[in-house]
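The values are calculated or read from the model by the stated rules, or taken from the named source; none is laboratory data. Keep in mind the model is a prediction, meaning the values are calculated, not measured. Here Cβ is always computed from backbone atoms with ideal geometry, including for glycine, and neighbour counts include all displayed protein chains. Note: areas computed on protein heavy atoms with side chains; ligands, DNA, RNA excluded. Shrake-Rupley method; radii C 1.70, N 1.55, O 1.52, S 1.80 Å.
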Amino acid sequence: FLMGLVDRFQQAHPAVRFNLFDGDGDFLRRQLDEAATELACLLEPVEAAKYNYLVLPSREQWGIILRSDDPLAKKKAFTRDDLYKLPLIIPHRNIVRDEVSDVLKLDQRKLNVRASNNQPSNAIVLIRTGHYYGLAIKGVADLFHDPDITFVPFSPATSTGHVLIWKKNRQLSTAAEHFLQFVADHAN
């Protein structure tokens, strides 16, 4: 959603340049706090006390990424009890893990966590070995367009939204203010 708006905004304002950074929420919030960037798009939940935010209309479904040829890839959904049996790669951010755990009523101490990650590319390499299962959003699997991996959602269904955040009490550049207004106009 947001990259589509970046493209449309830049078509209308070709002199505006964007610096795009990938990273987990901790990295992106540090970028904001250090004034290295003005806006950041994060998955909810977000510790928003220091930030203003705009809720974006896109939602992401949580589930497991695994090899397509794994027998478990035929499942319609993964349950809490299924997760306790899997060697997992989980998100690095505690707040995200806690949110998913709350919805699924997971006891995180019972999970077989083999790794945590802040960027999906490393996790995908491990998942392709067939020895790991990645707890992630569907968008990660979709991003790789890889027929060797697949996504299976959780039951009960678990989803999260995206927010565009910026630092409170900090003046945005004119370009950032105009882009923020552009996003707000298209987010409803």
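Take the residues in segment 50-63 that are in contact with a Lys or Arg (Cβ under 7 Å, 6 or more places away or on another chain) and within 30 Å of PHE179 (Cβ to Cβ); name whichever of them is least open to solvent (accessible area, probe 1.4 Å).
TYR51
State the number of residues belonging to segment 155-177 that are farther than 12 Å from LEU39 by Cα and either open to solvent by 80 Å² or more (accessible area, probe 1.4 Å) or among the acidic types (Asp, Glu) (or both).
3
Could you look through segment 69-83, keep only residues that are part of a loop (DSSP other than H, G, I, E, B) and open to solvent by 50 Å² or more (accessible area, probe 1.4 Å), and pick out the one that is nearest to SER155 (Cα to Cα)?
THR79
Select from segment 45-60 the residues that are of a type in the set (A, V, I, L, M) and farther than 24 Å from PHE151 by Cα and list them in ascending order.
VAL46, ALA48, ALA49, LEU54, VAL55
Given the options LEU39, LEU66, LEU20, LEU86, name the one that is closer than 18 Å to VAL163 by Cα and crowded, with 16+ Cβ neighbours inside 10 Å.
LEU39
Looking for whichever is in contact (Cβ under 8 Å) with a residue 60 or more places away in the chain, more than 22 Å from LEU56 (Cβ to Cβ), of a type outside the set (Phe, Trp, Tyr) and open to solvent by less than 50 Å² (accessible area, probe 1.4 Å) here; the options are ILE149, ILE95. Which one fits?
ILE149
Residues to consider are SER68, SER58, SER121; find the one that is free of Cβ contacts under 8 Å to residues at least 60 places away in the same chain and hydroxyl-bearing (Ser, Thr, Tyr).
SER121
Quick one: count up the residues across segment 53-63 that are farther than 15 Å from ASP102 by Cα, in contact with a Leu (Cβ under 9 Å, 6 or more places away or on another chain) and not hydrophobic (A, V, I, L, M, F, W, C).
Result for segment 53-63: 3.
Pairs only if they're at least six apart or on different chains, beta carbon under 6 angstrom, first in segment 161-176 and free of Cβ contacts under 8 Å to residues at least 40 places away in the same chain, second open to solvent by 80 Å² or more (accessible area, probe 1.4 Å) and part of a strand (DSSP E or B); list them, first residue then second.
From residues that are free of Cβ contacts under 8 Å to residues at least 40 places away in the same chain, there are no pairs.
One residue is enough: does segment 110-123 have a residue meeting the conditions at pLDDT 90 or above, part of a helix (DSSP H, G or I) and either within 29 Å of PHE1 (Cβ to Cβ) or not hydroxyl-bearing (Ser, Thr, Tyr) (or both)?
Checked against the condition, which is being at pLDDT 90 or above, part of a helix (DSSP H, G or I) and either within 29 Å of PHE1 (Cβ to Cβ) or not hydroxyl-bearing (Ser, Thr, Tyr) (or both), segment 110-123 yields at least one hit.
Given (1) modelled with pLDDT of 85 or more; (2) of a type outside the set (Val, Ile, Thr); (3) closer than 25 Å to ASP22 by Cα; (4) assigned to a helix (DSSP H, G or I), where does TRP62 come up short, assuming only one miss?
So the condition that TRP62 fails would be (4).
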